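Taking it in order: structure first as structure tokens, then the write-up.
The values are calculated or read from the model by the stated rules, or taken from the named source; none is laboratory data. Here the structure is a predicted model, which means the values were calculated and not measured. Cβ coordinates were reconstructed from backbone atoms using ideal geometry, including for glycine residues, and neighbour counts include every protein chain displayed.
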Amino acid sequence: MNFWTITQELLQGFGITCLLFIMTLILAIPLGLLFSFCSMSKLSIIKVPTRIFIWVIRGIPLMLFIFVIYYLPSLLADGNAAFNIFNTIDLKITIASGSSELLWQGRFLAVLIAFVINYACYFSEIFRGGIESVSQGQYEAGYVLGMTKSQVFFKIVLKQVIKRIVPALSNEIITLVKDTALANAIAIPEIIKCAKDMASSQALIWPLFYTAVFYLLFVGLLTVVLNQVEKKLSYFKA
Amino acid sequence: MSLLDVRNITKSFGKTEVLKGISFSLEKGNVLSIIGSSGSGKTTLLRCLNFLEMPDSGIIRVCDKVLFDDADKATLTDEQIRQNRLHFGLVFQNFNLFPQYNVLENVCLAPKLQAKALPNYKTDAKQILADIEEKARHLIDEVGLSAKCNAYPCELSGGQQQRVAIARALALNPEILFFDEPTSALDPELTGEILRVIKGLATKNMTMVIVTHEMQFARDVSDQVIFMDDGHIVEQGTPAQVFDNTQNERTKAFLARFNEG
């Protein structure tokens with residue numbers, strides 16, 4: 001195998017890495033916003049369970065949580081760990097069609113669920129911090145001008161929250177890029193898994209180190225984009 | 001008939017009684033100053049009148065329309081509270097401008113959101129928005145900041161920010177404008193420019209309620225002065241009555257300390 005075929009092979013794995021990253025980001029942000037509202041609710045019947053849930057999810061390793069999502073439904077269904085309902089699901093993702101194994105698609109769903117819930121919990125705490133840091137005076141200024149609660153949130157508070165949370169969120173987003181490697185715990189052929197497979201089948205170790213280039217380029221690109229966002233919001237102080 | 005009529009407002013936070021039955025009324029075009037030491041309940045009174053706090057009991061009327069009556073407090077909806085607030089404008093001690101909007105946008109934001117509820121908004125949106133903007137520019141000009149329309153709050157001095165806040169409050173045509181210690185966050189030089197703006201409004205017969213520690217200003221601008229102490233109104237009258245012919249011992253002691261300084 002030459003450099004070029006190995007690069008192609010790794011690119012396929014990287015496609016899955018990117019897919020997991022993007023899908024998690026798209027789904028975890030709104031879910032995190034929902035969690036943050038629930039954790040700030042005045043009703044303790046909503047607030048307390050949400051905070052306990054966030055404590056549990058943030059308290060257990062993501063890898064463990066992936067196993068829980070993957071195995072628990074089948075264990076509960078018929079107590080048989082050998083059979084797994086996720087393995088019967090075909091999402092028809094064509095990103096790695098060359099891959100001989102199609103069974104990873106259902107497992108991808110399991111990993112995605114675990115990632116989305118896990119990251120929604122982390123995001124929700126960032127959102128909560130951001131929302132609570134906006135001074136009460138901003139809300140009151142909106143209310144005395146006859147604005148509704150949702151107008152105050154969307155027209156006044158939200159942009160100030162975004163400005164404040166971008167640095168913390170950037171950190172979490174960059175961590176997410178690298179956490180996608182945990183998907184190989186249940187044999188999702190993301191980039192690290194591809195490289196590891198090569199190490200065992202071709203007796204090549206350097207592709208494993210080569211994966212770092214993909215991560216570095218991706219994180220570099222994200223850093224540029226996130227800095228741009230920060231710069232765009234620097235025209236005001238809040 | 002008075003424009004604002006407040007009857008027996010009380011408010012407690014936990015076991016602390018902050019307002020112990022406040023009653024007063026205000027005629028259209030008059031200026032009322034509320035003075036008193038910190039913690040006497042002045043700010044809480046303003047916040048109750050603007051529904052930022054819900055009074056425990058009492059009645060608030062504007063032009064004979066009951067905005068608040070403790071008898072049917074439980075049925076007061078968010079929408080009614082919002083409508084009630086539109087009778088009033090409030091200028092805060094620390095301005096509370098919206099930092100992400102420039103001066104013009106700060107003044108226009110609320111009127112533009114209000115306009116969306118107009119029946120003819122869909123057809124005449126362009127004209128309506130243009131009118132709002134023109135009016136906003138006029139108000140900004142009146143507070144002397146027409147050169148700063150595109151500046152953001154962080155680029156303005158405290159005095160300029162407070163003048164924008166006044167223009168912003170006026171943009172919704174409130175029947176009564178409330179000021180909560182509008183100059184307390186400003187140095188003496190900047191205080192002057194705010195007081196001039198408020199005096200300007202007084203000459204245009206704007207009905208105003210001003211909580212202030214500027215005694216000389218209160219004396220000059222007010223038609224009526226209230227001295228509050230420990231949740232009560234202990235003295236009330238024209239500036240001449242309150243400042244020159246003080247009856248209450250507590251008021252005398254308070255004013256004496258000011259005259260020393």
Report task. Kindly provide the set of residues from segment B:89-98 that are more than 7 Å from every other protein chain (Cβ to nearest Cβ) and among the aromatic types (Phe, Trp, Tyr), ordered by number. Result -> B:Phe95
Requested in this report: Tally the residues that are surrounded by fewer than 23 Cβ atoms within 10 Å (Cβ to Cβ) and more than 13 Å from the chain's Cα centre (by Cα), restricting the search to segment B:37-63.
Outcome: 13
Report task. Would you mind listing the strands (runs of 3 or more DSSP E) fully within segment B:23-121 where at least 3 residues are in contact (Cβ under 8 Å) with a residue 60 or more places away in the chain and not polar (S, T, N, Q)? Result -> B:31-35, B:88-91
Query - Subset of segment A:51-71 that is free of Cβ contacts under 8 Å to residues at least 24 places away in the same chain and in a helix (DSSP H, G or I) - its residue that is surrounded by the fewest Cβ atoms within 10 Å (Cβ to Cβ) - result: A:Gly59
Report task. Please determine, by comparing only the residues of segment B:215-261 that are in contact with a Pro (Cβ under 6 Å, 6 or more places away or on another chain) and not in a loop (DSSP other than H, G, I, E, B), which one is surrounded by the fewest Cβ atoms within 10 Å (Cβ to Cβ). Result -> B:Arg219
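Residue-wise test of (1) crowded, with 17+ Cβ neighbours inside 10 Å; (2) within 9 Å of chain B (Cβ to nearest Cβ).
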site: A:Phe127; (1), (2): yes, no
site: A:Gly130; (1), (2): yes, no
site: A:Val134; (1), (2): yes, no
site: A:Glu140; (1), (2): yes, yes
site: A:Lys149; (1), (2): no, yes
site: A:Phe153; (1), (2): yes, no
site: A:Gln160; (1), (2): yes, yes
site: A:Ile173; (1), (2): yes, no
Report summary line: Scanning segment B:83-101 residue by residue, the ones that are farther than 30 Å from B:Glu214 by Cα and buried (at least 17 other Cβ atoms within 10 Å of the Cβ) total 2
Query raised in the report: For the subset of segment A:11-62 comprising residues that are of a type in the set (Gly, Ala, Ser) and in contact with a helix residue (DSSP H, G or I) (Cβ under 6 Å, 6 or more places away or on another chain), which member is modelled with the lowest pLDDT?
Result: A:Gly13
Query raised in the report: How do the pairs read when you match residues in segment A:73-98 that are more than 30 Å from A:Glu9 (Cα to Cα) with residues anywhere that are among the hydrophobic types (A, V, I, L, M, F, W, C) and at pLDDT below 65, using Cβ under 9 Å and keeping only pairs 6 or more apart or on different chains?
Result: A:Ser74/A:Ala81; A:Leu75/A:Ala81
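Yes or no, residue by residue, for (1) β-branched (Val, Ile, Thr); (2) farther than 21 Å from B:Ala218 by Cα; (3) not in a helix (DSSP H, G or I):
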| residue | (1), (2), (3) |
| --- | --- |
| B:Gln160 | no, yes, no |
| B:Arg163 | no, no, no |
| B:Ile166 | yes, no, no |
| B:Asn173 | no, yes, yes |
| B:Phe178 | no, no, yes |
| B:Pro182 | no, no, yes |
| B:Ala185 | no, no, yes |
| B:Leu190 | no, no, no |
| B:Arg196 | no, no, no |
Query raised in the report: How many of the residues in segment A:109-135 are under 13 Å from A:Ala183 (Cα atoms) and among the aliphatic types (A, V, I, L, M)?
Result: 7
Requested in this report: State all residues of segment A:72-96 that are part of a loop (DSSP other than H, G, I, E, B) and either at pLDDT 65 or above or over 24 Å from A:Leu25 (Cβ atoms) (or both); if no residue qualifies, say none.
Outcome: A:Gly79, A:Asn80, A:Ala81, A:Ala82, A:Phe83, A:Asn84, A:Ile89, A:Asp90, A:Leu91, A:Lys92, A:Ile93
